[in-house]
Every structure is written in C-alpha cells, then in structure tokens.
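Working notes, beginning with the structure itself.
Nothing in this text is a laboratory measurement; each read-out follows from the coordinates by a stated rule. Bear in mind that the values here come from a model prediction, so they are computed numbers and not experimental data. Note: ideal-geometry Cβ built from the backbone for every residue, glycine included; neighbour counts use all protein chains shown.
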Amino acid sequence: MKIIDILTRLALVAALAVGGAATAQTGPSLQTVLDENRELIVDASRRTVQGALDALVASGQEGIPAFLESWQAREVYVAPDGAFVLVQDEDADPYTLLDIETGDVLGTAGKREVEHLRPNRGVQNLIGAALVQFQLSSPDAQTRLAALDAIDRSPDESQLPLLRAMIAAEQDPDVLATAQNVLTSLTIAYAEDDGERVAAIEGLGGRIDVAARATLNPLLATRRAVAEALPEDTNIAEVLQPGTGDLPRMEAYQMLVEADLAPAFTATSDLRAILTDHIVDDMVGGVPVRLLDTDAARFEAYAALAAEGTLPPLVTEAQVDAALASHVFFDQYREPSKAVTDAASETLAGINTRVGALEIVDLSLDGLSLVSIYFLAAIGLAITFGVMGVINMAHGEFIMMGAYTGYLVQAIVPDYTIALVIALPLAFVVTFGAGVGMERLVIRKLYHRPLETLLATFGISIALQQIVRQVFGAQARPLTPPDWLAGSLDFNDVVSISYIRIAIFALGLVFFVLLWLILNRTRLGLEVRAVTQNPAMASSMGINPDRINMLTFGLGSGIAGIAGVAIGLFAQVTPELGTNYIVQSFMTVVVGGVGNIFGTLAGASLIGFLQKGIEWLNPSNTLAAQTYMILFVILFIQFRPRGIIALKGRAAGD
Amino acid sequence: MSTLLEVSGVSVTFDGYRAINNLSFAIGEPEMRAIIGPNGAGKTTFMDIVTGKTRPDEGQVIWGEKNESLLRKSEAQIVQAGIGRKFQRPTVFEEQTVYDNLQVALRKDRGPLAVLLDRPTKADRDRIEELAGEIGLSDHLDTIAGTISHGQKQWLEIGMLLAQEPRLLLVDEPAAGMTKEERDHTTDLLKEAAKTRAVVVVEHDMEFVRRLDCKVTVLHEGSVLAEGTLDHVTADQRVIDVYLGR
Amino acid sequence: MGKLFAENRSVPVFLMILAAITLAITVMSEGYGTGAISTSLVKTLGMTLCLCLIALAMDLVWGYCGILSLGHFAFFALGGYMIGMWLMYARTADTIAAAQAAQPIPPTAVELNDAIAVQIFGVVGGDSFPWMWAFSDSLFLQLALVVLAPGLLAFVFGWLAFRSRVTGVYLSILTQAMTLALSLYLFQNDTGLRGNNGLSGLQNLPGVEAPQALTSVWFLWASALALGLGYLLCAWVVSGKFGKVVRGIRDDEPRVRFLGYPVEGFKLFIFVLSAVIAGIAGALYYPQAGIINPDELAPIASIYLAVWVAIGGRGRLYGAVIGAAVVSLASTWFTGGRAPDIPLGGYTIQWVDWWTVLLGLGFVLVTLYAPKGLGGLIDLMSRRKDA
C-alpha cells in the first residue's frame, strides 16, 4: 500500500517533468491528482480508500473539498476518455459532461459510455471524515457547526489535532462553545495524557445534559472476572463477595466452572433428569425407581452410580465453598487508567446529584399541574358539600359533560382557539343548568337525608353516563388543544413543562382567585358562608336558603364543566371520563376539609404532590402508587377526621 | 353531704373565643342546684365539659369518692360512672316506642355482647312500668315516641335519665316550651329526683328556678359570678347589671 | 326461637318461601328433576341467593345501624378469594399429580409443589407460592379464612374509622376508598392473587366427579341454607335490646352515647358481623360464577348493592332480599339480550343499552317517592290485611 503510494508520487513527479509548464507552476491539476489515484477512487472500498483520501488531501489542491463533496454525494462520473467529470442533468441521455474543476461544458456522452462512481456508505463516511478538516476551516459558521456535529457523531482519534487547531483560530463564540464541548469528549476518549483526560472529565462537572452523561458512562463500563489472586495491573472497580449483593453464590461458582477453575456442579433439581437416563429394570444404582421421590434417595442412587464410575462424583457444598474461598471475584474497568475512572465516577456522581435535584424541580412542576387539575375537579364538589352537606356522585358526569361540550364546539367551530374561548363559558352554562335542574328536581326534596342524596345522585350519574354512551358512542372523542398550547416550555435538559399544563395551572389559579372573591367580596358569598355555618340562623335573617343552595349547586356544577374542558384537552373524552376523576375528587375534599376553598387547595396539594412523590419512588408500578395513596388517605382521616382545614367549635356541629 | 363533682380552674377556647374562663364549681349528693346566666355565659359548654363532649384546655374535673378525673374518660364511660344528661331539645328515639326508649335507658350492662344476649326480665318490665307511671306515660308504652306531645317527650327523656339511675343529673332547660301544668309536673319530678341524688338544672326562666327552691349559681362570661339562694343572687348588683344589660 | 318467630312474623314466612323456591328449582333442575330449568339458570339463581345474603348484610349495617358502606363487595370478594385459593390449589394439585405420574421417576414433595406453583402463577411470571397461599392446601383453614379475612379487614378498618368518629358521607367515601385500594392492590401481578387474571376454574370441585348439573344444585342448596341461616341470625340480632340500641345509633348517635353505650363497640360489632356474612356469601357465589378477579371489587359494584337494598327497602330484612333478587335478576334479564326491543318508529329501544338508564332514573324516583322501597309496599299490604 505504502509502496504503491510512493510509486504513484514518483510517477507524478515524472509526469510533471514531462507535462506542460502551465500546470507546473501551481502544482499538478486536480484532474492529474485524481488520475494518480484512479484505481483507488474508482474501485473505492472502505478498507482501501483512505490512501487515496490521504493523497488527495496532501496534494493541497484547492478543488479537493468540492470534489470530495461531489464524490460523497455520488455526483462524479468517469468520462469515456478517462477524465473525472460531473454531469448537468442526471436524467438526461446523453449526459452533458462538465469539467470537474471549472464546471465548463466539455461535451456529451451516452449514458452507457460513462462510469458513475457510487461510493458505498462506509466510503462516504470516510470521505466525510476527510472533508471535516476542510469544513472546520470553512468561512461559513454553519458549515463548521455541521463539521463539529459530524465529529461528534463519529469521533476519531485523528480529529483531535484538527479540532485543537480549529479552536485556536475560532472567533465565533457559539461555534467555539460547541467546538470545546466536542473537544472535551474527544479528549476524554482519545487523549494520550491521562492528566489531560482527567482535566477534561472534571470540566464536565457543571453539565447536566444527556451528552455529558453519555461521554462519562462508557468510561465506567466494567467486566466481571475471577482469578486466583487479585491482579496487580488492572483497574479494579469492586471486589465482590460471592453470595452477597449482585453476585449470588451459585452464579459465582458458575463463573469458576466456565473459567475451567472448578468442576461442574450438579444441582439437586437436575438429579431427576440425570437419573432418568440411567434407569435399568426399574432400578437406578440399585434403588427402585418408585422410591426416588425424596432427595435423599436420589443422592443415594447417584452415589451408587458415581461409585461405579458411570457418573462423575457430585460436587459437595463444602467443595463449592472451598472453591469460592480460594478465588477472588471482581469487577474491573475496561478503562485501564485509575485516575480517569476515579475522576469519571466522581464527576458522574456530582452530575447525578444535580440531575436528581433538577428532577425534583421537574417533578414539582408536574405535581403542581396535577394539583391544579384536582383542585378544578374537586372545588365544585367541595363547595356543594360544604354548603349543603351533599355529596354529588354525578359531579364526575358534569366534568364529562363539560368535556363533551368542548368536543361539540370544536366540531362546529373549526378554529381551535376560538372554539376553546367559546367552549369554556358554554361548558359552564351547560353544567350550571344541569346542576340547577338537578338541585330543583331531586336534591331539594332530599334535604337532611345526605346518604339518600348520595345514592340518588349516583342513579343520575349512571343514567347520564349511559345516555352519553348512547349518543356519542363508547369510543374516545378528540378535544384538540390549539397549536399555541402544543409543545412544552423547556428550562434545560431535565426540567420542562407542557404548555397545556401551564394553561391548566393558570385556569386553576384564576378560579381560585375568582371563587375567593365571590365568597369573600360579594353579597352572594356572604350568604353562602352564612348558610354553610348556620343554615337556621341564616334563614331567620332573611336569606333564602333555597336560592342559595340552588346557586351554589349551579356554581359547583359549572366549575365541574370548565374542569371538564381542561381535562379533555389532555385526557381522552369518553363517557367514563368523570369516573376516573370522581374518587380523586372525593379524596381531595375529604382530606382538605369542607366549606373552605383553602381546604380544597390544601387537599389537592397533598393528594397531587403525594401521588407524584409515590410515583417517583416507585415509578414502575402506578397501581401500587394509587394503593398507597388511598391507604394514606384512610389513615390521614384517623388523625384529622374533618380534613386539613376544618371548621371548629359549634359551627362544626356533631 | 359529700362532694360528688368538683370542677376546678377549667378553661376552654373556641377559635380564640374563651367560652369557659377559669371556672370552678362543686356539688354534693344529694343536692339540687340551678345554673342561670345570660346567653353565651357558658352554661351548655359547662355541661359539655362535664359529660366529656368537649375537652377543656386546662383545669380538673374530679368525680366521686375515689376522686377520679373525668377528663380521660369517654362520654360513655362518664355516663356509666353515673352522670346523666338531658339535652335542651328533647332527644328521644322517635321511631321506637316509649317502652323501647325506656328499656334502652335502663341501668344494665352496656357492653355490646351483654346487650346482644340480654333478654328482658320481669324486674326490667316492672321497672319500666314504674318509671312510665312516674312520668305519666303509662298509657303510652306502646306508642311510637315520635307521635307523643312535646311535653311528653321531655318527660320521657327525664324518665330515660332516671332509668339510668345516675348519681348526678344534668338537665338543660327542661321547661322550655311547656304549658303551666306540664311545668309543675316537671318541677315535681326534679325535686323528687334531687332527694336521692345531685341534680343540676340549667334554666333561663326565673319563675321556674324559684319553684325549684334551691341554691343558684350565676354564670357570666364563662366563670361563676355569684352563688347562693335565688333572693341572695338577684340582690347582687353585678348580677343585676349582667341581666339588665350595661 | 319460637319467640323470635312470634316477634318477627317475616321470619317463618321468609323461611317457608325460601324452602319452597329451593324445592321448586330442584324438581325442575336438569340434575335432579325435569330439566325445565337449565343448569346455567340454576347457577344464576344460586348466585342470586348469595347476592340476597350480602344484601342482608348490607341492610344490617345501613338499614339498621345507619352506616352506608360503599365497600361491601370488598368483603364479598375476599370471601370468594379465600375459598377460590383452595379450589384452585386442590384442582391444580390433582392435575399436576396426574401429569407427574407419567414420568419414570416420581416427584419429590418440593418438585410437586413447585410444579403446582408454576402452573398457577406462571401466568403472572411467578414460580413459587406467595405467603398468603400458606394454607391453601387445607380446606378447613381456608374455610376459616373465609370468615376471618373479611372479619379482620372490617375490624381494622372499622376500629380506625369509628374510633375517630368518622360518620355519614365521610364514612361512605372511606369505605369506597377501602374497596378501591384493595382492588388496585389485587390488580397488581406481584401481590399473590394472580393480578387481573384472578382465580379461575372455581366451578370444578376437586375430587368430585359429579357433573355441573348436580353440583349446581348442591350449591343452590348451600346458598339457600346460608341465606336462611343468615336471615335467622340477622333477625335475632336486630330483635331485642341490641336492635333497639343499634337503631338508636342510626337515628341519633350522640344520644345513644349519652345513655352510656360504647357506640363504637356496637358499630364495630355490627360492621364485622356484616362483613363476615358478606364473606360467606362471596365464598358461595364465586364457585358458582367459576371465576373471580379484582374487577369484582370495583367501587361501583358496592354502590349497586346499596341501590338494591334501597329499592328493596332498608331497615327491613325481607326488603333487602327482595331488592337484591328483583334488581339483580331484572338486570340479568334485560342486559342478557332476552328482553324484547321496543320499536319507536325511527328509533328502537334496545334494553341492553337503555336498562342502565332506566335503572338509574328509576332508582332516583324510588328514593324520592318511595323511600321505604318495595318492602314498604309489603308493609302496606300486610297492614291492610290486618285492619
């Protein structure tokens, strides 16, 4: 290979001496350089093309980068006269041939007369790598960034000096920052000097992105090994004690067997199969087959066979222990340098701590949005429960009706933004009406019978759910958020929150403030609070409790409708939508305490954050998370039977 | 006459409002005592504390010869110790008969198993009939309690109280909403009861208190303002101020 | 006993009607009679008797003691799971023993046990018995657990809830939370009761070769016997002084407390008793249903139970039985596709779809206008006859 290279260069010199003077001044022309490497270029393979690439690059010809790009893009052809050319239109026949350097039209040639160079993917990659050095010094910042990206994707030891040279000259701060990141990973992977690598590793300390972790993790890859004594010259990660941690005793012994350091162990559970192969006249080793239903009998039979020499002797547990005791088991780093692995594990631990802290921030944002949803879903329930002492089992169906209202509006109004603006108040109106109707027709007649009210509203709930199923079908209906609510707000690689959740949080906040104002700053609110605390007294002071109850129920139901639109934006709109939220809403009300919006907020916060917290501790099992959640609520009620924020004294009644 | 109940230095606060303020009170056995006081004086809260419905923030409630503290007992245990209470509003089991109401109130083992295995004896029936006679409901034993008159319900409740054979009777406004004759009957019942036990009557109606003819304790803003005979306390200038308003 | 009959005339009447119905079904069954009633219908009727029994238990706590439990199916299903464990174990043990007998070398006890475990738990990726199956090889102990497991759950839950004076709708929601938590727990594959697969093949009695036509009638008898005894027990409990105290708790709990009764103890007693009855009902129900899974504990099932009792009429034992029988049989009939559709010109009312709507609205009407339910009607008629 090398020899050929030298020979071609010699030939080149000879050609120059013979050739015209015009090209001699600027060195050999591109065509000449290509000609010299013709075989390697035309029959390029991944294993051989590097020589040609080196030669091309070494020639220092101006046209080389352009040629490499064309070659990589499979745009280069060989004309009938052997010249390397481009063609004007790939679909035309015959081709119009263009000069490879100047782009001048050279003439035409039939499709069959030219040879199309089609470098395969491996060759293309190598061409790309060769191109990198040209691109790194390109005046165009985008090209330089693309080159850095290419290095990042297929790093190579040879790029290290190129990158260092580039950084020394780089002016653009953005490109420089990227280049330094790439340099860090390259340094960590390929630098000769361990000190340099450690410095680069420590330089990653402040980073939290996946790339930084991906750079460090491979350094800490280990391989499990066994030896008679701990080797001196390896980078040991951990010495393992068989039978503890993640090295079970028998697994350790199996390693010994595989390393030919110990004879194979016959497990008790394998005896049956082995003995089955040695049944002779219903006997195994002199023991009748029917007696082989205990381990002791099977051992006896095996021992007999072993004594005959038919089977190898059993390895005893004591032998296993002895074998394990006389060997060391350890994990060794694939990376030989201890300084590097130490720095990497320390830096990675630091990164993981930071990532962990940020994950908690992210989780808190998730929790906050869950809290908003529970608050919206439960506040209506809490108000009606507080004022009227009535649990509305159809509350979930009101949420569901709100969601379907949103779906219907979207079906009519094509613009999702306008549809949402219409749907929110409309959902309120629809469910407000439904709530008032239910209050007048049913609940009013069941005052002072809260348990019957609970069951009657359950009857309404199942009827509503089934009617909606009849009208809209059981399948999920879409309620699509407008485009400006798509996507998410990313703070960094770890912390992000979707715009829908921000919007729901805002909605929850708006309703919290709005309800606080209604309850504390309006006449209606005053009357509502009066009825909540002492209905008899309130009615003797001229407040009409029927009217207050009706309005309260309407208000609570109306908010459920709005919550339905909000929930529909991210959940599926089905007839069972409400059922999925009703139990959580109950929990929120029970935990928070009734008759106070702060109580509902506290309850929603507790339930929301707790649920996220449990999910974080046990992410694989949401069922378990919910189970623990409910158990917590049941226990919580033991200690605060009237919720976090409870009415005290006489007003609470008994 | 020995001290049966002694309340000392009791205070209780609801949401910053001091309902009972360093109240001390004692009653012997047998004795009749009336507690009077304007609205919000803490009369009902006082009863709540003695019967265990409300826990005081500080102070002691001592009961009986063994000087037991009542503060650590449940409502039911306090009743079993011998304190009976009649609420302001008559509370009888309206869906059950007068007989049933009295039977449930009879002094017997209150444990669930004992009650489950309980079968009424002749003595029980005699006692119920005797009580019904005292409260004038002999003809109504099989009547559903929800259908008898308001005054009869008050007597039934007093009868239920007597059936428990308590050593201390706490009676909250027994004469409210009664006719003249009914009141007289009630007075007689209470006086009869006070011959053998301690009776504390909370009442607004001065005329009724006068008929009871007993020592009077005046409560005001959660503590004792005056104590003595009715004539004595009504002559007290502070009591006059409180009642006539400042 | 005679006194109980005299005090509560519904007891002898009920027992006679129950006996008559059982006899009638028997003589019309495929196993022992003319075959007019199919085996699957016999099973449905036997299961209905079990539902009547749990309705009775529900009436005890709600109708008499005022505790609206929305989680009674937790106890019902727990009873079913307890007997199901034995049925499944014993049945699988028979199959495995037969399969192992074909092998040249007989299995050791451990191998046999492991093979059974793999057979039962392979579906959820398990290969050994979870701790709660410790007694599954003993019919006697599992029968004891049918009573003990629901009883213990009710005792712990009730003790916690009643001690902290949780009442009314709060208590109802807590009971609902209890059954939801239990069902979510059981839905997990690794908690020992085969996750959402549940226990199946329960209709096969281990060691009994009799066809389903016969065993279905046996279970009908057992269910009828349990319902009869349950009715007697409940009638005995609610008659006499205990019943008066418990009704007092329902109507005015503080008053009972101020009569010196430990209200919590009474509530706990009645709650645990009711849970035990529910567990027994479940233990008889699921062998007839053949399968049990965590869906059975869904909160809605327990709410429906309350609906049955309310429609039948609370606070009277026969009301609960009538409600459960009428509504559950009607539900089976309407949703089974056997009820005729009603054509309305452009739209045809299909009962499969509209039955739930009718039930829901009908229930609202009953609550509003007939708070005493169907049992109230019977009261009205029997009183008129007396007059």
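The charge dipole of the protein assembly as shown, taken about its Cα centre with unit charges on the Cβ atoms of Lys, Arg (+1), Asp and Glu (-1) only, comes to about 7420 debye. Under a Gaussian network description of chain B, with springs only between Cα atoms under 10 Å, the residue in B:Ser24, B:Ser223, B:Ser149 that fluctuates furthest is B:Ser149. Annotation: peptides C:147-154, A:458-465, C:324-331, A:230-237, ranked by per-residue average of other Cβ atoms within 10 Å with the highest first, follow the order A:458-465, C:147-154, C:324-331, A:230-237. Computed from Cα positions, the angle between helix C:109-121 and the longest principal axis of chain C comes to roughly 50 degrees. Taking every residue in B:93-105 and counting other chain Cβ atoms within 10 Å of its Cβ, the average works out to 4.
Ordering B:Val98, B:Ser8, B:Gly111 by Cα displacement along the dipole of the range B:1-142 toward the positive end leaves B:Ser8 in first place; charges were set at the Cβ atoms of Lys, Arg (+1) and Asp, Glu (-1). Farthest toward the positive end of the dipole of chain A, out of A:Tyr190, A:Ile645, A:Ile399, is the Cα of A:Ile645, where the dipole comes from beta carbon charges about the Cα centre.
Helix C:139-163 versus the longest principal axis of chain C: what is the Cα-based angle in degrees, 0 to 90, to the nearest 10? Approximately 50 degrees, to the nearest 10. Rg then Dmax, both in Å and based on the Cα atoms of the range A:357-585: 18.4, 62. Where the alpha-carbon atoms of chain B are placed on the principal axes, they occupy 55, 41, 37 Å, in descending order.
Helices meeting the span-like rule in chain A (full DSSP H runs, Cα extent of at least 27 Å along the helix axis, mean Kyte-Doolittle score of 0.5 or higher): A:338-388, A:416-441, A:450-472, A:499-521, A:545-570, A:597-617.
Values of log10 I(q)/I(0) for the protein assembly as shown across q = 0.06, 0.08 Å⁻¹ run -0.80, -1.13, by the Debye formula with one identical scatterer at each alpha carbon and no solvent. Expressed as a fraction of 2.2 N^0.38 Å, the value expected for a compact globular protein of N residues, the C-alpha radius of gyration of the range B:6-143 is 1.26. With the biggest extent put first, the Cα atoms of chain C measure 80, 58, 52 Å across the principal axes.
Any lysines with Cα under 22 Å of the C:Lys244 Cα? List them, leaving off those in the same chain fewer than 8 positions away. Result set, ordered by chain and number: B:Lys86, B:Lys108, B:Lys122, B:Lys153, C:Lys3, C:Lys267, C:Lys372.
Extension gain for A:Gln475 to A:Ala83 (0.36 nm times residue separation, less C-alpha to C-alpha distance): 134.5 nm. Relative protection proxy for C:95-107, B:75-87, C:231-243, from highest mean packing down: B:75-87, C:231-243, C:95-107 (other beta-carbon atoms within 10 angstrom).
Basic side chains Lys and Arg get +1 at the Cβ, acidic Asp and Glu get -1 at the Cβ, and with that the dipole of the range C:2-386 about its Cα centre reaches some 1720 debye.
Positive end of the dipole of the protein assembly as shown (Cβ unit charges, origin at the Cα centre): among A:Leu454, C:Val245, A:Gln465, the Cα lying farthest that way belongs to C:Val245. With R₀ set to 41 Å, the beta-carbon distance separating A:Asp270 from C:Val156 gives a calculated FRET efficiency near 0.35.
Among A:Phe598, B:Phe93, sorting on how many other beta-carbon atoms sit within 10 Å of each Cβ, with the fewest leading, yields A:Phe598, B:Phe93.
Taken residue by residue and averaged, Cβ atoms of other chains lying within 10 Å of the Cβ of B:67-76 number 2.
Of the peptides B:170-177, A:323-330, A:188-195, the order by per-residue mean of other Cβ atoms within 10 Å, starting with the highest, comes out as B:170-177, A:323-330, A:188-195.
What residue among C:Ala161, C:Ala19, C:Ala109 shows peak mean-square fluctuation when chain C is described by a Gaussian network model with Cα springs under 10 Å? Highest fluctuation of the listed residues: C:Ala109. If you bin all the Cα-Cα distances of the range A:222-333 at 5 Å, starting from zero, the percentages per bin are 2, 11, 19, 17, 13, 10, 10, 7, 6, 3, 1, 0. Counting only other chain Cβ atoms within 10 Å of each residue's Cβ, the peptide A:630-638 averages 5.
Ignoring everything except DSSP H segments at least 4 long, calculate the 222 nm mean residue ellipticity for the protein assembly as shown; use -39,500 (n - 2.57) per segment, divide by total residues, nearest 500. Taken over the protein assembly as shown, the calculation gives -19500 deg cm²/dmol. Given C-alpha coordinates of chain A, what is the ratio Rg to Rh with the Kirkwood estimate of Rh? Dividing the radius of gyration by the Kirkwood radius yields 1.17.
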